[in-house]
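In what follows, a single structure is set out as structure tokens and then discussed.
Bear in mind that the values in this text are calculations on the coordinates, not laboratory data. In this text, all values refer to a predicted model and were calculated from it rather than measured experimentally. Reconstructed Cβ throughout: ideal geometry from the backbone, glycine too, with neighbour counts over all protein chains shown.
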Amino acid sequence: MSQTALNPFEIAQQQLDQAAKLLKLDEGTHQTLRNPMRELTVNLPVRMDDGKVKVFRGFRVQYNDARGATKGGIRFHPDETIDTVRALGAWMTWKTAVVDIPLGGGKGGVICNPKEMSAGELERLSRAYIRQIGRILGEKMDCPAPDVYTNAQIMAWMMDEYYWMNGQNEFGMITGKPLELGGSLGRSDATARGGVYCVREAAREIGIDLNNACYAIQGFGNAGQHAAILHQELLGKGKLLAVSDSRGGIYSKDGLDPAAIVAHKQKTKKVSGFPGAKDISNEELLTLEVDILYPAALEQAIHKGNAAEVKAKLICELANGPTTPEADKILSGKGTFVIPDFLANAGGVTVSYFEMVQNHYNYHWDLDTVYERLNQKMTSAFGTVYQTMTARKSDKIDMRTAAYLVAVDRVAKAMKLRGWT
Ligand code: GLU
């Protein structure tokens, strides 16, 4: 994140304001969309392993449910703030709208450092969070999922706590669950897969030869690891030049083997020190000479201080909010093609939606069905956004603005039809 971090919610509001102007939204609709519809702040007393009770603070924001139940992940992070959760809730609203699934947007977060907590402490925290926010969850109301530092095991504990509260197995109240508990095949790599599908579409439009293209990945969590592998698996012989995680990065001009780095990271908990690669910093990774860059870490990685140095022709934002508005201007000024976050990383929530559908029917789809339907959704969403951008040539809009125009228009229409605005 940049030294002078901007307030992510102000960024989200600025982005919306620009879209509202271009769409000529009426004031009532615009103001309704500028803020979350509902939000809940909770205190969570949790018994720690040393016998003492520690109180954690958590949030759940239901940003907008005009198109369906609010949907969005839960982050466990020491720097979580209500404004981050609000911003992420807004972006979820645009994300479900841009891929046209019948859901709204929301987000949750707990201020904590899971890296310093035992499995037992994490379980007690996860259960305490659901005991507090469970009253506003449900497949027709608000449905969480994994996000930064939460995973399928945590979703299982949360689903189970909800079961104890309500006496019913309502699997569809949370997604990203383990396969044994109503999870969907293809959910774990869905975010990365959706992003890679978008890269395939973008490369065709802007003329990048994927067999000779090199790429770098910033952030090596779920999305980053899968993107490293899937890029080669789905798009041909492109060379992976560099990856990084929160502790630093690695680079090799001859190319890195994604599966070997994943194994190294699992063993050592970091990517640096990978045999045969040169250690580099996160900042260095972002400005490397590559064709395609995948920011897959946290917000504001690309900011006004480094945007001019970014050399990638194509950026696929797997992270939420990795580019600040100032950086956006610099990038679009020099012709960098950015696949914006809420389009690029919408694969995760799309397969979450498939998971809800399967839970509803109490039936499982096979992997090919999930991949095929995800491919369809992502390809069609990319196409709609790209066409919106090219159709508005005179406004000179970039892909992010075009994605906003598509998504905000859909949410605004739903609100109008419901008689809200
Ligand atoms: N946390 C993911 C996201 O930001 C997935 C959300 C979901 O599946 O509901 O898109």
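Here are the numbers for the structure shown:
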quantity: Net charge dipole size for the range 191-343 [Lys, Arg +1 and Asp, Glu -1 on Cβ; Debye, nearest 20]; calculated: 340
quantity: At most 14 other Cβ within 10 Å, DSSP loop - GluC sites (Glu not before Pro), the range 288-350; calculated: GLU289
quantity: Stokes-Einstein diffusion coefficient of the range 58-184, Kirkwood radius over Cα pairs, 4 °C, 1.567 mPa s, in µm²/s; calculated: 90
quantity: Where labels lie 7 Å past Cα in the beta-carbon direction, separation of TRP164 and MET48 in nm; calculated: 2.2
quantity: DSSP beta bridge pairing in the range 65-196, given as percent antiparallel to the nearest 5; calculated: 10
quantity: Relative contact order (percent, whole number), the range 308-383, Cα cutoff 8 Å, 6+ residue spacing; calculated: 30
quantity: Difference of contour (0.36 nm per residue) and Cα-Cα distance, LEU181 to LYS334; calculated: 50.3 nm
quantity: Alpha-carbon Rg with Dmax, taken over the range 202-265, Å; calculated: 11.7, 35
quantity: Backbone HN-Hα couplings from phi across the range 228-245 [Karplus 6.51/-1.76/1.60, Hz, Gly and Pro as x]; calculated: 4, 6, 5, 4, 6, 5, 9, 10, x, 8, x, 8, 8, 8, 7, 9, 8, 10
quantity: Relative intensity, log₁₀ I(q)/I(0), of the range 274-421 from a Debye sum that treats every alpha carbon as a point, q = 0.15, 0.20 Å⁻¹; calculated: -0.91, -1.23
quantity: Calculated FRET value between ASN362 and LYS253, using beta carbons and R₀ = 51 Å, to 0.05; calculated: 0.50
quantity: Inverse of mean 1/r across different Cα pairs in the range 106-256, Kirkwood, Å; calculated: 17.6
quantity: Packing-based ranking, highest mean first, of 274-282, 389-397 given that Cβ atoms within 10 Å are counted; calculated: 274-282, 389-397
quantity: Along principal axes, Cα extents of the chain, largest first, whole Å; calculated: 55, 54, 45
quantity: Exposed-loop-free span, longest in the chain, where chymotrypsin sites (Phe, Trp or Tyr not before Pro) count as exposed if DSSP calls them loop and at most 16 other C-beta atoms lie within 10 Å; calculated: 1-362
quantity: The range 256-343 - Rg over Rh from alpha carbon coordinates, Kirkwood radius; calculated: 1.01
quantity: Cα-based Rg and Dmax for the range 30-99, where Dmax is the largest Cα-Cα distance (Å); calculated: 14.8, 50
quantity: Only Lys, Arg (+1) and Asp, Glu (-1) charged, at Cβ; the chain dipole about Cα centre in debye; calculated: 540
quantity: Loop-resident sites, the range 158-237, for trypsin sites (Lys or Arg not before Pro), counting at most 13 other Cβ within 10 Å (DSSP); calculated: LYS237
